[in-house]
Amino acid sequence: MRVASTLLGLSVLAACTSEFTFSDSVNSRLYEFKPRAEYGDELSTPYVLGAKFEVFVEDNDQETDFIGWKVESMDPKVLQLRAEPYKMSPHILSVEVAAVGEGVTELLLKDTSGAIRGSAAVEVKRPTRAKLFAAPIYALDNPDFRGETPHPRILIGGTATFAVEYLHEDIRLQGSTDIQVATSTGIDATIKHSELVDNRNWLQVSVAGQGRHSAELWLGDLLVEEVDIFGVPSSMIAGVELIDGDATNPDELAGEWLLVGQAVAEDKQPIYGVDFEWALPDRGFTEPGDVFIYEHDPEQEFRKITARAYGVESQISVRVAAGEPASSNDTSLTCSVTDGPPPWALGLLLLGLRRRRRA
């Protein structure tokens, strides 16, 4: 369990054993098809103030039924239980929590006698700034190319979506919160919440006018970040980059892959909000989009996929069996998990892919 400041309750920690594993719904751990214990006894702390998520406690030995057991917060002014714990499965206890105040506390696991059987440290911090990351590039999860966009350029008439990361000074905070957005004239912006993809906030921006605009991110009466956004004409588009997934093991060689289309200006800086026309040698597609989701088949011969917009295009050769264009602005990427699974399992697909640049 990683906590950036003083740990509480040393006597409680002494009672903690590796018999029970604590994990959470942040960073999509709930949706990975692995035993929860494989993630280690770790929460995604520190959390951003206002985050709401689930904490899971698993019996590693698969012996405890958790009937009559409880999870408690040592300081409800920092981490508050939103409901009584419930059994997610025969050997996993789940509890909904909210990060309601700054500070450090612990979650305690108690058996039917009230004895402490495990604990997990939690820290909550108020964000002092935020970063934006282009949604489709960010989703590729490549540490060398994350698509950070401090001053995004967006096509006039276009819409682009950005993941929002919160920081307290230089410490990255986990989870999403009740952030609000205020904009200057010439742009519209909304905040979307996603539990399916990294328990993340997404800023979706539509640009109507050319030039410099601004979007302010507020948490209550706290100004977290002011972002400069530039509306640019289609004449600035000088090229197209195609970025696709790189398989890292044999299990990834077959399955659904993601191909991202990225417009760039003469200075090679990205222009967002551009939808592309996509084509295979034997098929065109009526729906435009900035991503192409395709079935990668290592037994197929290489075929070219073409992305074209405003008189510029790019091609990439892949072993594609079938595919369809999609948009990173679509609710399949930014919807709540309660809305059901997305087409092509897009939300889960995006988490495991890596990027490869193409000219």
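The values are calculated or read from the model by the stated rules, or taken from the named source; none is laboratory data. Given the structure is predicted, the values throughout are model-derived calculations rather than measurements. As a convention, Cβ positions derive from the backbone with ideal geometry for all residues, glycine included, and neighbour counts pool all protein chains shown. Surface areas here come from the heavy atoms of the whole protein model, side chains and all, with no ligands, DNA or RNA. Shrake-Rupley method; radii C 1.70, N 1.55, O 1.52, S 1.80 Å.
Each peptide in 54-61, 270-277 gets a packing score, the mean of other Cβ atoms within 10 Å over its residues, and the list from highest to lowest is 270-277, 54-61.
Taking each residue as 0.36 nm, the span from Lys77 to Leu222 lengthens on full extension beyond its C-alpha to C-alpha distance by 50.3 nm.
Among the GluC sites (Glu not before Pro) in the stretch 295-326, those located in a DSSP loop and surrounded by at most 14 other Cβ atoms within 10 Å of their own Cβ are Glu299, Glu301. To the nearest Å, what is the center-to-center distance of the stretch 158-220 and the stretch 268-304, using C-alpha atoms only? If we compute the Cα centre of each part, the gap is 27 Å. Expected output is a single nm value to one decimal: the length gained when fully extending between Gln300 and Ile67, i.e. 0.36 nm times separation in residues minus the C-alpha distance. What is it? Length gained, Gln300 through Ile67: 78.7 nm.
Computed over protein heavy atoms with a 1.4 angstrom probe, the accessible surface ordering of Thr128, Thr159, largest first, is Thr128, Thr159. For Arg308 and Thr190, a Förster radius of 30 Å and the Cβ-Cβ distance give a FRET efficiency of 0.55, rounded to the nearest 0.05.
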